[in-house]
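Worksheet: the structure to be examined is printed underneath.
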Amino acid sequence: MAKKMLVDLERCIGCWTCAMACKMCHDLPDDQYRVIVRTNGSGAGIDRPQGVYPNLRMSWQPIYQRSCTWCAERQAEGLPPMCEYECPTEALAYGEETDPESAYSRALARCTDKHYHVFELPDYENSRQGVTYAVK
Ligand code: SF4
Ligand code: SF4
């Protein structure tokens with residue numbers, strides 16, 4: 001039994017609401033985040049796209065830090081993780097991976113039905129375990 005987060009990268013708009021909601025919920029200092037949002041662009045800045053105009057590309061990827069607790073205190077009260085709850089595009093879905101009716105499993109099924117590529121980050125990223133990404 002393990003709970004996991006499914007991140008549908010096709011739905012992520014890079015708004016950082018997940019990161020800021022987590023900070024507010026846990027009263028984190030300015031320099032601490034439990035999830036950050038990486039821009040997959042030129043690498044020159046968080047809003048710099050890749051490519052040459054008009055063929056520009058940019059996408060975003062929430063990266064969960066090892067300090068993430070899956071909002072244990074909220075789960076104890078029967079509440080979902082704050083980042084999942086506040087995401088405006090429903091890019092995040094958390095739940096038990098062995099339960100086919102969990103939000104995680106239903107979101108994963110939706111993505112695999114669309115033949116999305118499903119992956120996890122490698123160990124060298126040093127990110128939190130239990131995060132599954134899906135992308136076209
Ligand atoms: S996961 Fe949701 S809240 Fe976080 S950056 Fe993407 S769209 Fe925004
Ligand atoms: S699950 Fe909770 S602790 Fe982890 S990043 Fe989301 S809001 Fe923060």
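The values are calculated or read from the model by the stated rules, or taken from the named source; none is laboratory data. As the structure is a computational prediction, the values presented were derived from the model and not from experiment. Don't worry about glycine lacking a Cβ; one is built from the backbone with ideal geometry, like all the others, and counts go over all protein chains shown. Heads up: the accessible areas ignore ligands, DNA and RNA and are worked out on the full protein's heavy atoms, side chains in. Shrake-Rupley method; radii C 1.70, N 1.55, O 1.52, S 1.80 Å.
Computed values, structure above
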{"read-out": "Cubic angstrom per residue, convex hull over Cα atoms of the chain", "value": "123 Å³"}
{"read-out": "Burial order of peptide ranges 21-33, 59-71 (average beta-carbon count within 10 Å, highest first)", "value": "59-71, 21-33"}
{"read-out": "Distance (nanometres) between label positions extended 7 Å along Cα→Cβ at K3 and E97", "value": "1.5 nm"}
{"read-out": "Efficiency of FRET from Cβ geometry, T17 and A109, R₀ 30 Å, rounded to 0.05", "value": "0.75"}
{"read-out": "Partners for K114 among lysines (Cα-Cα distance below 27 Å; same-chain residues under 8 apart left out)", "value": "K3, K4, K136"}
{"read-out": "Hz values of 3J(HN,Hα) by residue in the stretch 68-80 - Karplus curve (6.51, -1.76, 1.60), Gly and Pro given as x", "value": "5, 9, 6, 6, 3, 5, 6, 4, 4, 9, x, 9, x"}
{"read-out": "Spacing of the two label points (7 Å from each Cα toward its C-beta) at T69 and R48, in nm", "value": "3.7 nm"}
{"read-out": "Accessible solvent surface per residue of the chain, calculated while the other protein chains remain in place, 1.4 angstrom probe, Å²", "value": "59 Å²"}
{"read-out": "Share of carbon and sulfur in the accessible heavy-atom surface of the chain [1.4 Å probe, %]", "value": "51 percent"}
{"read-out": "Rounded accessible area of E101 (nearest 10 Å², 1.4 Å probe)", "value": "120 Å²"}
